[in-house]
Amino acid sequence: MHTSTLNATSELETVSAIPSPPLTRKRKLLTSLISAGSFNDFVEHIFWLSNHKDSSYVCFANVHMLMEAYQDREFNDVLNNADVATPDGNPVAKLARLFYGQRQERVAGMDLLPRLLQEAAARGKSVYFYGSTDQVLEAVATKAKQELPDLKIAGYYSPPFRKLSDDEDADITAMINAAKPDLVFVALGCPKQERWMAAHKGRVKACMLGVGQAYMTYAGLEKRLPAWARNLSLEWTYRLWQEPRRLWKRYLYTNSMFILLTLKQLLQGQPKKLA
């Protein structure tokens with residue numbers, strides 16, 4: 001009896017010793033659940049996931065992602081089941097404030113990637129870069145090594161630009177796990193990278209982060225708009241100027257639909273409580 005009581009007490013002490021996660025709530029924006037908190041809260045929560053969860057994933061939600069989720073219930077589940085979904089775009093952060101009356105910082109993948117690499121170097125965490133091309137990955141790794149000599153880069157890999165066979169996927173998963181990274185940055189484009197992370201939750205033993213175009217800006221291969229233009233939510237116009245043929249239909253539809261759905265939500269009444 002005495003031993004049983006001691007064991008129970010020990011287990012309770014172990015559980016209580018685990019700190020609470022910095023982010024504890026999500027807000028419903030249209031059909032999607034987006035995490036709420038400061039930029040620093042997101043940084044701390046990602047390392048909390050790395051320390052306390054065997055496998056997890058983080059989405060960076062901009063207008064395009066919210067519209068993908070609105071149109072595709074399965075993808076909406078992928079986004080809503082993410083351990084963290086940051087308000088990546090200014091319109092998403094402003095929508096949270098409009099609906100809930102509370103200020104929300106923008107937490108963009110392009111800003112969070114360099115900060116997480118700095119923190120990983122300082123905390124002794126290892127990172128893995130997955131996706132994009134060999135040229136881009138080499139540029140990312142080279143810059144990271146130059147700026148952060150203490151950063152542990154567990155590896156990087158550019159998968160084929162086609163559907164992988166089950167055997168290929170299993171081999172890649174095993175390769176990533178063998179490197180034992182704490183954070184795995186994934187750049188496959190939306191919604192492919194989010195689907196990949198959701199499919200590999202429980203299989204890839206790390207915190208996975210779908211950072212999209214952040215590799216390009218971090219490595220200096222693609223310029224980013226100045227802060228004043230980003231604050232005015234003009235990044236989509238810059239992307240459109242860069243790739244007009246590929247993106248004009250996307251932005252014409254997604255931006256228009258986002259505005260219409262926001263107006264519809266406001267007419268129906270703002271959400272009254274956090275999801």
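Details
- Ordering M110, M257, M175 from the fewest to the most neighbouring beta carbons within 10 Å gives M175, M257, M110.
- Loop trypsin sites (Lys or Arg not before Pro), segment 109-209 (other Cβ atoms within 10 Å of the site Cβ: 14 or fewer; DSSP): R162, K163, R203
- Amide H partners (placed H, <5 Å) of Y57, local residues excluded: D83, V84, M208
- Under 5 Å between amide hydrogens, built in the peptide plane, is the criterion, and for R27 it picks out I34, S35, A36, A275 among residues at least 5 positions away or on other chains.
- Rounded to the nearest Hz, the phi-derived 3J(HN,Hα) couplings of segment 95-109 under the Karplus curve 6.51 cos²θ - 1.76 cosθ + 1.60 (θ = phi - 60°) are 5, 4, 5, 4, 6, 10, x, 10, 5, 10, 5, 6, 10, 8, x, where x marks glycine and proline.
- Nonlocal amide H pairs with K152, under 5 Å, H built at 1.01 Å: V127
- Reciprocal mean inverse distance between Cα atoms of segment 26-218 - Kirkwood radius, Å: 16.7 Å
- Positive-end residue of S165, L112, Y100, charge dipole of segment 26-218 with Cβ unit charges: Y100
- As a proxy for reagent exposure, I176, I34, I153 were ordered by neighbouring Cβ count within 10 angstrom, fewest first; the result is I153, I176, I34.
- Applying the Karplus relation 6.51 cos²θ - 1.76 cosθ + 1.60 with θ = phi - 60° to segment 197-207 yields 3J(HN,Hα) values of 5, 5, 5, 9, 5, x, 9, 7, 8, 6, 8 Hz, where x marks Gly and Pro.
Laboratory data are not the source of any read-out in this text; all were calculated from the coordinates shown. It should be emphasised that the depicted structure is a prediction, and the values quoted were computed from it without experimental measurement. Cβ: placed from backbone, ideal geometry, glycine included. Neighbour counts: every protein chain shown.
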